[in-house]
Amino acid sequence: MTVVLRGLAAAPGIGIGVLALYHPGQIVPDLSRHPAGHPDQEWQRFLEAHALVAADLERLGQSDNSLIAEIFAAHQVILQDRTLLDSIRTVIYDQKTSAVAATQQVIGELAEMFHSFEDEYFAGRAQDILDIGERLLTHLGADLSRAALSRLPPQTILAADDLTPSDLAQLPAGHVLGIALAYSTPTAHSAILARSMGIPMVCALGQALFRLTPGQNAIVDGNSGRLLAAVSEEEMTQYAAERQHYLEEGAVALSHAQAPAVTVDGVTVPVLVNANSPQEVAQSRAVGADGVGLLRTEYLFRGRATPPTFAEQQATYAAFMAQVDHQLTVRALDAGGDKPVPFIAHHREDNPFLGLRGIRLLIEQPELLRTQYRALQAAACDAPPHLDVRFMLPMISTAEEIVAVQAILDEEDPCLLQGKELPRLKLGIMIEVPSAALIAHRLAPYVDFFSIGTNDLAQYVLASDRTNSTVARLADPLHPAVLRLIKLTCDAGQAFGKPVSLCGEIAGDPAAVPLLLGLGVTELSVPLPAAPLVKETVRHVDLSSCRALAEAALECDCAAAVRELLAQP
C-alpha cells in the first residue's frame, strides 16, 4: 500500500527512484582521542585547520554553478567572522580545552542560536554553520563517521533530516533524482541549490520519513510537496507519465521564454523574478523575465560592521540596471527583530515577527532608508530610458508609516545629492500585513503600486509560523481568508489605477496563476526557474474564465478545496 507523506514543496519537479536514508547525525567527535595541550598549541592547531578550510571554500567558490559559488563565498564570510574566531579562542584559553572540543562547543552553540531565530533565512543558516564546523573538525583530525554521499547509486531518492550545501555539492551528477527532508524550509541553502541543480525536493516531512524502508520505490513530488513510498505499479506508471509531461512542458516553455506573456483575450501580464543576489539578477534575462519584481537587498547589509555606503549601493544598483529589462523593483532593507544586522543594536524580543522590523526599523534609523533611496535615485540617472525603477517599502501596516517615510525621503541631504537633480522614483509598498490589505483603498492614494507578499501574509492571517516545520503547512496562501485579502488589495489597485504585483512563492505555481489573475493581480514576480512556465501558462488563459475561477475559490471553505478546484481540468 502506498505511503504518502505531506510536507512543503522546496524544488519543483517529479523524481522517481529507490529510497536511500541518510543519517548524518550530530557533530560529536570522540574527545578522548583529542586531549587538550597547551592553549597556545591548541589555538595554533585551530588556525592551521582554519586556513585549510578557507582554501577549501576558496576552491568551491570558483564553481561554474553561480549559486554554489555564491553559497560558499557566504561560507567564507561566516568562517572569517570575528565572533566565531574569538569565541573558539576564548574557550580554548579560558576552559583549557582542545581545539576539537572548543570548535565543537562553539559551532553547536552558534548553530542552535541561529536555528532559534524565527526568520527563515537565519534559521536556514544554522546548517551553513554546521557545515563549516564539520570542515573545521575534519581538518582538526576528528573522525565524524559520515556516510559518503558521493557514492550514492543511480536512481536514488535521498531522504535525510537535512542536508548542508557541502552535502549537495558532493552528490554524484545525475544519480539523485529527488530529495526528501524531515526538516528544513524552502528558503534554506539546500533548497536553493536543489532548484539550481534541477533536483525535485520536499521538506518538513517530519520524523515519519525515517519509518520508511530503504530500498522501496519512491516518488518525490516537488510540485505538491509530497513523498510517496512503496508505490503501486499503477501509480508509478501515472507519475512517470506526469514527469515526462512536466519535462516536455518545461522545454516548450523555455523555448518561448523570450516572448511576452499575453492572455488569450489580449492582456499582457508582466512576469518578473524575485532575486536574492547579483547572480539571480544576471540570470533574469535568460529565463525571459520582464525584469526583477522583488530585489531583496539584505545581502548587501549582512556580514558587515558598518552599512554599505552611498557609493557602494549606487554602483551595485547601476550594475543591476544594466542587466534587466523593463522593470527593477528594489525593496528597502527588511531587517530587525528576527533578521538582525550587525551594525544595529537589537534588543531581544519575545515575538520578533511582531516587533521592530521592516519599515518600523527604517523609520527608527532614517539614515539607512535615505541613503538607500538616494543611491537608487543616483543610479537611475544613468538608467536606460525604458527601465521602470521602483522602490518598495516592507511590512507597511498603517498610512502613518507611509507619511513618515515620505517625510524622510523628502529631506535634503547635500552630502548624498552631490549636486545632481535626482529623478523621482515610483514608491510602493508590500502588502504582507493583514491591516494593509484591509485598508488598501486608504493606502492607494499614497503610493504608486502594491506588491503582495503572500508568504508573510499567509502566516499572519493564519497565525502559523512558516519557518516552523510542524505548522508551516497551515500557512497556505491559497486559503480563502488569504484570497479575500488579495482581492481587497486588487480592487483598491484597480479603483485608483495602481498596478498590483504578487511576489510570494505561490506566483510561481502555474496551477495558481489563473486564480491570481482572476483576483485582479496585474503583475507576477516569481522564483527564477518558474518564469518560463508561468509565462506559458498566462498565454493559455483568458481573464473572463480566470475571474469565474476566482469567484468560485472565494466561496471555498479551506485551502484544500481551493487546490481541488485548481486541479480540475
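Quick notes on this structure:
- Scanning region 128-137 for residues that are out of contact with any Lys or Arg (no Cβ under 9 Å at 6 or more places or on another chain) and either open to solvent by less than 40 Å² (accessible area, probe 1.4 Å) or free of Cβ contacts under 8 Å to residues at least 60 places away in the same chain (or both) turns up Asp128, Ile129, Asp131, Ile132, Gly133, Leu136, Leu137.
- Selection count, region 230-275, where residues are among the aromatic types (Phe, Trp, Tyr) and touching a Leu at 6+ places or on another chain (Cβ under 8 Å): 1
- Of all residues in region 325-343, those that are β-branched (Val, Ile, Thr), within 15 Å of Gln313 (Cβ to Cβ) and at pLDDT 95 or above total 1.
- Failed item in (1) closer than 22 Å to Thr329 by Cβ; (2) at pLDDT below 95; (3) among the charged types (D, E, K, R), with Asp448 passing the rest: (2)
- Residue count for region 160-186, restricted to those that are out of contact with any Cys (no Cβ under 9 Å at 6 or more places or on another chain) and either surrounded by fewer than 20 Cβ atoms within 10 Å (Cβ to Cβ) or among the acidic types (Asp, Glu) (or both): 8
- Listed by first and then second residue, the pairs linking a residue in region 236-262 that is under 22 Å from Ser224 (Cβ atoms) to a residue that is part of a loop (DSSP other than H, G, I, E, B) and open to solvent by 50 Å² or more (accessible area, probe 1.4 Å), with Cβ atoms under 8 Å apart and 6 or more places separating them unless they lie on different chains, are Tyr246/Asn223.
- Total residues in region 210-222 satisfying the condition of being buried (at least 22 other Cβ atoms within 10 Å of the Cβ) and not small (Gly, Ala, Ser): the figure is 3.
- Annotation note: Cβ proximity below 8 Å between a residue of region 305-321 that is open to solvent by 60 Å² or more (accessible area, probe 1.4 Å) and a residue that is part of a loop (DSSP other than H, G, I, E, B) and modelled with pLDDT under 95 (sequence gap 6+ or interchain) occurs for Ala305/Pro342; Ala305/Phe343; Thr306/Phe343.
- Single match in Ala531, Ala475 (criterion: within 16 Å of Ala261 (Cα to Cα), under 22 Å from the mean Cα position of the chain (by Cα) and open to solvent by less than 40 Å² (accessible area, probe 1.4 Å)): Ala531
- Members of region 432-467 that are open to solvent by less than 30 Å² (accessible area, probe 1.4 Å), of a type in the set (S, T, N, Q), assigned to a helix (DSSP H, G or I) and in contact with a Gly (Cβ under 7 Å, 6 or more places away or on another chain): Thr454
- Odd one out for Glu564 among (1) more than 28 Å from His326 (Cα to Cα); (2) in a loop (DSSP other than H, G, I, E, B): (2)
- Taken over region 281-309, residues that are assigned to a strand (DSSP E or B) and closer than 24 Å to Leu79 by Cα amount to 1.
- Inside region 210-241, residues that are under 26 Å from the mean Cα position of the chain (by Cα) and part of a loop (DSSP other than H, G, I, E, B) make up a count of 4.
The values are calculated or read from the model by the stated rules, or taken from the named source; none is laboratory data. Here the structure is a predicted model, which is why all the values come from computation and not from measurement. We place every Cβ from the backbone using ideal geometry, glycine too, and count neighbours over all the protein chains shown. Protein only, heavy atoms only, side chains kept; ligands, DNA and RNA dropped before computing areas. Shrake-Rupley method; radii C 1.70, N 1.55, O 1.52, S 1.80 Å.
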